[in-house]
1. Roughly how many whole Å is it from the C-alpha centroid of the stretch 297-341 to that of the stretch 129-168?
2. Each residue of the stretch 68-73 in order: what ³J(HN,Hα) in whole Hz does its phi give by Karplus 6.51 cos²θ - 1.76 cosθ + 1.60, θ = phi - 60°, with x for Gly and Pro?
3. Tell me the GluC sites (Glu not before Pro) within the stretch 1-78 that lie in a loop according to DSSP and have at most 12 other beta-carbon atoms within 10 Å.
4. List every residue whose amide H lies under 5 Å from the amide H of S90, counting only residues 5 or more places away in sequence or on a different chain, with H placed 1.01 Å from N in the peptide plane.
5. Under 15 Å from the 7 Å Cα→Cβ point of R328, by amide nitrogen: which residues of the stretch 261-286?
6. Apply the Karplus curve 6.51 cos²θ - 1.76 cosθ + 1.60, θ = phi - 60°, to the phi angles in the stretch 183-199 and return the couplings in whole Hz, x for Gly and Pro.
7. Relative contact order for the chain using alpha-carbon pairs under 8 Å, separation at least 6, rounded to a whole percent?
8. How much accessible surface does F240 have with a 1.4 Å probe, in Å² rounded to 10?
Amino acid sequence: MSNNTFDPDHYELATLAIRAGHQRTHEGEHAEPIFPTSSFVFKNAAEAASRFAEGATGNIYSRFTNPTVRCFEGRLAALEGGEVCVATASGMSAVLSLFMALLKSGDHVVCSDSVFGSITTLCNRYLTKFGVEVSYVPPQQPESWRKAIKHNTKLFFLETPSNPLSVIADIRGIAEVAHAQGIVLAVDNCFCTPALQKPLQLGADVVIHSATKYLDGQGRMVGGAVVGSKAFVGTDVFGFLRTAGPSMSPFNAWVFLKGLETLELRMRAHSAAALELAQWLEQQPQVARVHYAGLKSHPQHELAARQQSAFGGIIAFEVKGDRAAAWRFIDATQLLSITANLGDVKTTITHPATTTHARISPAERQQAGINDGLLRISVGLEALGDLKADLARGLVAV
Ligand SMILES: *Cc1c(COP(=O)(O)O)cnc(C)c1O
């Protein structure tokens, strides 16, 4: 192997996260270059014509491809173990691109009942407008997915661990149910990232990312990605993206590349800190319940331990009391950021019932297990002692 070839099959995740995807230009740059250009120049008219031919490769226009974005795509595909990745402007546009590429009027989707709120809105308000039917199932058991299948079911969509209650779906079992009926299984891998969980290896067909969260890891950019096969993601999802245009900008792709370089290190540190805080919270008299798959008390601890290499950085816990008690907790903290974002080096805290899940009815919230005393923290990388002291201030105020 020469010094400038890179075969992803030879390397482990931490190495891929730092080196995969970059094809050094003739300038010999060491760090990945940013290509802020909307279009690309052809040598002559014949080359222009050949680039536009069906099935041709090579840059034309940055709505279609851009070298910095391609570098990010190559790197994330290598990390997830997928053939190709298509980068998008946000996590939601990754979901939209998947839906638009796969579904047509008359199709049916089975979706986990614990997915990111905007995904439910996208399904209920927009997919249904185009004649696509959506049903929701509790994600844990493969059996509930099997029961929800209809003759026109095309897609299973889930997120594991789920937000905010860390419900774990059995990816391998659900993939078997899907594939027995020729159904596509898409997994939103936002909470674990490929550093902790590889859905494609467990049998999923498509991985969805909100790069906004841990892939960036420092709360700077909004972005997303779809990872999967050349035949579907590389052709149909890419075909929608280049036509409709929810493309990632080269500047954002560059920031995500820098984020990926420290992904494994950060995910290990987030997971270690979250586990320690979850165990500590579980012992506090003001806390009724802690939802974190790393705890032995989590009903699916063993499944999570089987399909994830660690448990991630998101903890939800219920304080003893009502909405006012939960709000007093939040307002008594001094260090934590009161913001709905997650996956940042800065620890954040939210009250799901009045923010991320405020727009669903009280009955639906009750069914989803989002009660008024529930708080969610995304554990960052500040000193653990400082985080504990801040949470202790919250507990006193409850
Ligand atoms: C944030 C999030 C999304 C949506 O991503 P955006 O980048 O905000 O569009 C999708 N899924 C999960 C699990 C998320 O946390």
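1. Between the Cα centres of the stretch 297-341 and the stretch 129-168 lies a distance of 24 Å.
2. With the stated coefficients, the stretch 68-73 comes to 5, 5, 4, 4, 4, 4 Hz.
3. Working: sites: E12, E27, E29, E47, E54, E73; in loops: E12, E27, E29, E54.
Here the GluC sites (Glu not before Pro) that fit, given the DSSP loop and packing criteria, are E12, E27, E29, E54.
4. Residues meeting the criterion, in which the H sits 1.01 Å from N, are G224.
5. Those under the cut-off are 285-286.
6. Couplings: 9, 7, 9, 10, 10, 7, 9, 4, 6, 9, 6, x, 5, 10, 7, 10, x Hz.
7. Working: 789 pairs, mean separation 65.3, N = 398.
Over the chain, the number comes to 16 percent.
8. Accessible surface of F240 is approximately 40 Å².
The values are calculated or read from the model by the stated rules, or taken from the named source; none is laboratory data. This one's a predicted model, so the numbers in the text were calculated from it and none came from an experiment. Glycine also receives a Cβ, built like all others from the backbone with ideal geometry; neighbour counts cover every protein chain displayed. To get the accessible areas, we keep the full protein, side chains included, count just its heavy atoms, and leave off ligands, DNA and RNA. Shrake-Rupley method; radii C 1.70, N 1.55, O 1.52, S 1.80 Å.
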